[in-house]
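Enquirer: Here it is, the structure in full.
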Amino acid sequence: MTEVLSPVTEEVVASVPAASMEETDAAIARAHEAFPAWKAMSPGDRGRLLRRFASIVDDHIEELARLEVRNSGHTIGNARWEAGNVRDVLAYYSAAPERLLGHQIPVPGGMNVTFHEPLGVVGVIVPWNFPMPIAGWGFAPALAAGNTVVLKPAEVTPLTAMRLAELALAAGIPEGVFTVLPGKGSVVGERFVTHPLVRKVCFTGSTEVGKRIMAGCADQVKRLTLELGGKSANIVFADADLEKAAAAAPSAAFDNAGQDCCARSRILVQRPVFDRFLELLETSVTAFRCTDPADSDAEMGPLISAAQRESVASYVDGADVAFRGSAPSGKGFWFPPTVLLAHDENDRHWREEIFGPVVSVLPFDDEAAAVELANDTEYGLSGSIWTSDLGRAIRVSRGVETGNLSVNSNSSVRYWTPFGGVKQSGLGRELGPDAVAAFTEVKNIFFSSE
Ligand code: NDP
């Protein structure tokens, strides 16, 4: 059994079984048995079941959100968005089965047709930072394409995924089609990689574990999607609306206590406005509400664990702190929003993913230097550019090496647009119109007329 702690009270909120290797094999075998009937189900019926699942999730938004607050310490506002995101992703992909179109390609001597065929059992490995949305981004398109899914939540945040599995059954999704299997990454997660009946692994988490999974999948040429770390740039040009950029910067870096692969954790500010921007940033950071996440106006809760807090603190110790916001003291894995001055691009806090409410700031001189600095990282997941010059917005957004970028905005994720990283931030794309096809193989059939 695994004891699940509240990051707010540090008390045990649940005890959850941890699946063994044998139990993992049994769950994969059940998913394999459920696959032929799920694959053969008419697209309309599969879509209807996913819509019913979405509707039942909708009836339970508040319950799921409160469960996430207890388990993960997310603010209630964020947790409601996260539960709503699962509903929306299910509803969006429920329209996909009837639209999974192949091609008829002209050939001499017959007819050539392509089909999208589901893969079989898909293993989804979910991290602790966004337990609900990241689960949905894997299981919803995979199920829509006709695959069956075994999902492993993070050991420390299994509760909402387990509840979603119950809601799936209540919606009429057949037994074995969608299984949530709590347990250790080194047991359940690794088995997804090595088990020959798991045809694809969808992993979100650290770059280190992602590389290990990729190496393991190579053995069976197993399909995989990786959503890994980030160290995204928030580039503020002198011609930007500085008030708007400074007001948006705290949530871009500290949302979910900075435990966000899309966090804009490096702020690049053009030198002539550097001091003015820091003044504005101090105002917005000190106003950022880090408090009991169950409060409706909380903007940030605690970190997930004592270990995460220790890791985050190691980046701040000895660094040049510009200013900090406030955080509760006493029980809970609290860490205040913190702004660090980088001396150059070699500072450890400038280079490494911290995964906490810490942002580093560095000045730059011109457009070329901004792009070079932004790209001087092994990561490339998200980012923002703040400028009032349209030509510059076009040039810089095309120059920054990243999977997702927003101009004069913080936005990272919309479920109907693609999401994913370049370089060591990942492989493949989730969400958007193409995600369902990524859970299929294209079969090409030639019918001879001769
Ligand atoms: P991990 O990458 O270890 O965990 C992510 C998921 O992978 C969890 O479900 C975990 O299981 C599972 N896992 C762990 N080891 C294996 C394995 N060998 N095979 C298959 N699955 C495995 O991240 P951590 O939780 O250790 O976080 C460490 C750091 O990683 C963070 O500080 C952050 O920098 C980064 N991170 C980035 C994320 C992102 O979204 N980009 C998300 C989470 C972390 P288990 O439950 O046993 O841990």
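The values are calculated or read from the model by the stated rules, or taken from the named source; none is laboratory data. A quick note: this is a predicted structure, and the numbers were derived from the prediction, not measured. For neighbour counting, all protein chains shown are included, and Cβ atoms are generated from backbone atoms with ideal geometry for every residue, glycine included.
Enquirer: Scan the range 280-303 residue by residue and report those that are in contact (Cβ under 8 Å) with a residue 40 or more places away in the chain and part of a helix (DSSP H, G or I).
Expert: Once the filter is applied, which keeps residues that are in contact (Cβ under 8 Å) with a residue 40 or more places away in the chain and part of a helix (DSSP H, G or I), the range 280-303 yields Leu281, Glu282, Val285, Thr286.
Enquirer: Scan the range 312-325 and report the pairs whose first residue is within 9 Å of Val358 (Cα to Cα) and whose second residue is assigned to a helix (DSSP H, G or I), with Cβ atoms within less than 7 Å and a gap of 6+ or a chain change.
Expert: Once the first residue is within 9 Å of Val358 (Cα to Cα) and sits in the range 312-325, its partners that are assigned to a helix (DSSP H, G or I) give Tyr315/Arg348; Tyr315/His349.
Enquirer: Scan the range 205-241 residue by residue and report those that are outside any helix (DSSP H, G or I) and among the basic types (Lys, Arg).
Expert: Lys222, Arg223, Lys231
Enquirer: A further question follows. Any idea which residue in the range 334-371 is farthest from Ala248 (Cα to Cα), counting only those that are in contact with a helix residue (DSSP H, G or I) (Cβ under 9 Å, 6 or more places away or on another chain) and aromatic (Phe, Trp, Tyr)?
Expert: Step by step, filter the range 334-371, then rank; the result is Trp334.
Enquirer: So which helices (runs of 4 or more DSSP H) stay within the range 333-435 end to end and still have 3 or more residues that are on the phi < 0 side of the Ramachandran plot and either free of Cβ contacts under 8 Å to residues at least 40 places away in the same chain or away from the ligand (no atom under 16 Å from the Cβ) (or both)?
Expert: Once the helices (runs of 4 or more DSSP H) in the range 333-435 are filtered for at least 3 residues that are on the phi < 0 side of the Ramachandran plot and either free of Cβ contacts under 8 Å to residues at least 40 places away in the same chain or away from the ligand (no atom under 16 Å from the Cβ) (or both), what remains is 367-375, 390-399.
Enquirer: If the requirement is being basic (Lys, Arg), at pLDDT 95 or above, surrounded by fewer than 24 Cβ atoms within 10 Å (Cβ to Cβ) and within 29 Å of Phe333 (Cα to Cα), which of these qualifies: Arg87, Arg70?
Expert: Arg70
Enquirer: I would also like to ask the following. Please name all residue pairs, on different chains or six or more residues apart, with Cβ atoms under 8 Å, provided the first residue is in the range 250-262 and is touching a residue at least 60 places away in the same chain (Cβ under 8 Å) and within 11 Å of the ligand (Cβ to nearest atom) and the second residue is part of a helix (DSSP H, G or I) and not hydrophobic (A, V, I, L, M, F, W, C).
Expert: If the second residue must be part of a helix (DSSP H, G or I) and not hydrophobic (A, V, I, L, M, F, W, C), the pairs left are Asn256/Asn78; Gln259/Gln308; Cys261/Ser425.
Enquirer: So, in the range 256-272, exactly how many residues are assigned to a helix (DSSP H, G or I) and out of contact with any helix residue (DSSP H, G or I) (no Cβ under 7 Å at 6 or more places or on another chain)?
Expert: Final tally of qualifying residues: 4.
Enquirer: To continue, here is another question. What are the pairs with Cβ atoms under 6 angstrom where one residue, in the range 125-141, is without any contact (Cβ under 8 Å) to a residue 60 or more places away in the chain and the other, located anywhere, is in a helix (DSSP H, G or I)? Sequence gap at least six, or different chains.
Expert: Ala135/Ala161; Gly136/Val86; Gly136/Val89
Enquirer: A follow-up question, please. So is Leu303 buried (at least 19 other Cβ atoms within 10 Å of the Cβ), more than 24 Å from Leu362 (Cβ to Cβ) and either aliphatic (A, V, I, L, M) or away from the ligand (no atom under 16 Å from the Cβ) (or both) or not?
Expert: Considered against the rule, which asks whether it is buried (at least 19 other Cβ atoms within 10 Å of the Cβ), more than 24 Å from Leu362 (Cβ to Cβ) and either aliphatic (A, V, I, L, M) or away from the ligand (no atom under 16 Å from the Cβ) (or both), Leu303 comes out as yes.
Enquirer: Does Arg191 count as within 20 Å of the chain's Cα centre (by Cα), among the basic types (Lys, Arg) and either within 16 Å of the ligand (Cβ to nearest atom) or modelled with pLDDT under 95 (or both)?
Expert: no
Enquirer: Limited to the range 93-131, what total is found for residues that are in a strand (DSSP E or B) and more than 16 Å from the ligand (Cβ to nearest atom)?
Expert: Total satisfying the criteria: 11.
Conditions (1) within 11 Å of the ligand (Cβ to nearest atom); (2) assigned to a helix (DSSP H, G or I); (3) under 21 Å from Asn129 (Cβ atoms), marked per residue:
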{"residue": "Lys200", "(1), (2), (3)": "no, no, no"}
{"residue": "Phe203", "(1), (2), (3)": "yes, no, yes"}
{"residue": "Glu243", "(1), (2), (3)": "no, yes, no"}
{"residue": "Ala248", "(1), (2), (3)": "no, yes, yes"}
{"residue": "Leu278", "(1), (2), (3)": "no, yes, no"}
{"residue": "Ala313", "(1), (2), (3)": "no, yes, yes"}
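Enquirer: For Gly216, indicate whether it is outside the structural domain of Phe335 (by TED's automatic domain parsing), within 10 Å of the ligand (Cβ to nearest atom) and closer than 30 Å to Pro293 by Cα.
Expert: no
Enquirer: Give the range 143-166 a look and list any residue that's more than 16 Å from the ligand (Cβ to nearest atom) and surrounded by 21 or more Cβ atoms within 10 Å (Cβ to Cβ), or say none.
Expert: Residues satisfying the conditions are Leu143, Ala144, Ala145, Gly146, Asn147, Thr148.
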